[in-house]
Amino acid sequence: MTGDVWLPFRADEFENLPEGPEYRYWNGEQEFPADPAHCAFYVVPYMKGPGVSQRPLPGMTSVQVVQTLSAGVDHVEPGLGRLRPGVQLCNARGVHEASTAELTLTLILASLRGVPDFVRGQDREEWKSGFRPALADKSVLIVGYGSIGAAIEDRLTPFEVARVARVARSARTTARGPVHPLTELPSLLPEADVVVLSTPLTEATRGLADADFLGRMKDGALLVNVARGPVVDTKALLAELENGRLTAALDVTDPEPLPAGHPLWHAPGVLISPHVGGPTSAFLPRAKRLLVDQLNRFVNREPLRNVVLTTGR
């Protein structure tokens with residue numbers, strides 16, 4: 001194999017990287033580590049945003065693979081039109097499932113049991129007890145039943161929920177039960193106590209949780225977004241939060257980062273975490289295992305994992 005591999009980690013931090021490529025360290029710095037035209041395998045810097053992620057793409061005239069370290073590819077995909085046909089875009093399936101599913105359960109439990117109120121009460125030295133909703137016996141709807149959605153259901157199982165309904169782009173059957181197509185959402189939303197969004201951001205899912213979607217949710221239901229901010233219509237969500245009909249737990253927002261003074265910060269019944277589903281101690285070992293496997297496959301001309309699309313097709 002000829003060509004460079006651009007990595008957002010230094011090559012000496014890895015074990016078992018294949019010999020042959022020239023490994024170049026680039027984690028979004030202003031200066032490129034080498035001529036982008038010589039890059040054959042580009043690993044996109046993690047959590048650097050679309051501007052950084054796409055910046056070298058116009059010069060990558062020889063690139064064969066673009067590998068993200070995120071499950072979503074929406075921060076890279078708009079720049080792929082500048083590449084020649086045949087370039088494979090791969091995502092990080094297998095890297096973020098555990099930590100994102102952990103955070104999802106954390107947000108659900110914290111919201112239902114009132115943990116933010118406990119923290120504020122502790123700050124004020126106030127003891128306020130009372131009954132709170134439990135996750136047990138609740139009906140949960142997972143919208144976006146890929147590997148992360150399945151990992152969320154894995155962690156829901158011990159909590160004695162009454163029912164889990166699953167929705168994806170198209171219908172299929174799993175060992176746990178049916179996966180409903182998006183077209184059946186209107187009939188499923190009124191039955192759910194907790195609605196979890198874990199879908200990729202695409203043209204089909206942008207603004208999916210709009211006024212009609214939210215209006216179909218039952219009174220008192222909890223919306224949890226661990227997908228992407230624009231999957232939810234922020235204005236429509238604010239209206240439901242401010243009238244007290246729904247509550248929400250959001251790891252992602254639109255806009256993001258959420259600016260100071262935005263009404264979502266202080267809307268009633270909302271818990272916000274700053275997009276921390278992926279960046280945990282679980283990330284690095286899983287990301288390195290994925291990259292070592294992918295690069296060995298690439299050097300040995302074996303099929304790559306997690307291919308999302310191929311340019312020109």
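Quick one: what pairs do we get from the stretch 283-297, first residue in contact (Cβ under 8 Å) with a residue 40 or more places away in the chain, second part of a helix (DSSP H, G or I) and small (Gly, Ala, Ser), C-beta under 9 Å, 6+ apart or different chains?
283/99; 286/98; 286/99
Mind listing just one residue for me: the one in the stretch 184-204 that is in a loop (DSSP other than H, G, I, E, B) and without any contact (Cβ under 8 Å) to a residue 40 or more places away in the chain and, of those, surrounded by the fewest Cβ atoms within 10 Å (Cβ to Cβ)?
Out of the qualifying residues, it is 203.
Is there any pair with a first residue in the stretch 104-131 that is under 19 Å from residue 143 (Cβ atoms) and a second that is in a helix (DSSP H, G or I) whose Cβ atoms are under 6 Å apart and which are 6 or more apart or on different chains, and what are they?
These pairs meet every condition: 104/152; 105/155.
Got at least one residue in the stretch 276-294 being out of contact with any Lys or Arg (no Cβ under 6 Å at 6 or more places or on another chain), part of a helix (DSSP H, G or I), over 24 Å from residue 50 (Cβ atoms) and of a type in the set (S, T, N, Q)?
no
Being hydrophobic (A, V, I, L, M, F, W, C) and either under 21 Å from residue 119 (Cβ atoms) or touching a Ser or Thr at 6+ places or on another chain (Cβ under 8 Å) (or both) is the filter here, so list the residues in the stretch 251-292 that pass it.
258, 260, 264, 265, 267, 270, 271, 272, 276, 282, 283
How about the stretch 78-113: which of its residues are surrounded by fewer than 16 Cβ atoms within 10 Å (Cβ to Cβ) and more than 20 Å from the chain's Cα centre (by Cα)?
Result: 81, 82, 84, 85, 86, 113.
Name the residue that is surrounded by the most Cβ atoms within 10 Å (Cβ to Cβ), counting only residues in the stretch 150-179 that are in contact (Cβ under 8 Å) with a residue 24 or more places away in the chain and part of a helix (DSSP H, G or I).
Here the residue is 152.
Does residue 75 qualify as being surrounded by fewer than 21 Cβ atoms within 10 Å (Cβ to Cβ), touching a Ser or Thr at 6+ places or on another chain (Cβ under 9 Å), outside the structural domain of residue 148 (by TED's automatic domain parsing) and within 29 Å of residue 148 (Cβ to Cβ)?
Here the answer is yes, as residue 75 does meet what is asked.
The values are calculated or read from the model by the stated rules, or taken from the named source; none is laboratory data. Keep in mind that what you see is a predicted model, and the values were worked out from it rather than measured. So basically every Cβ, Gly included, is an ideal-geometry build from the backbone, and we count neighbours across all protein chains shown.
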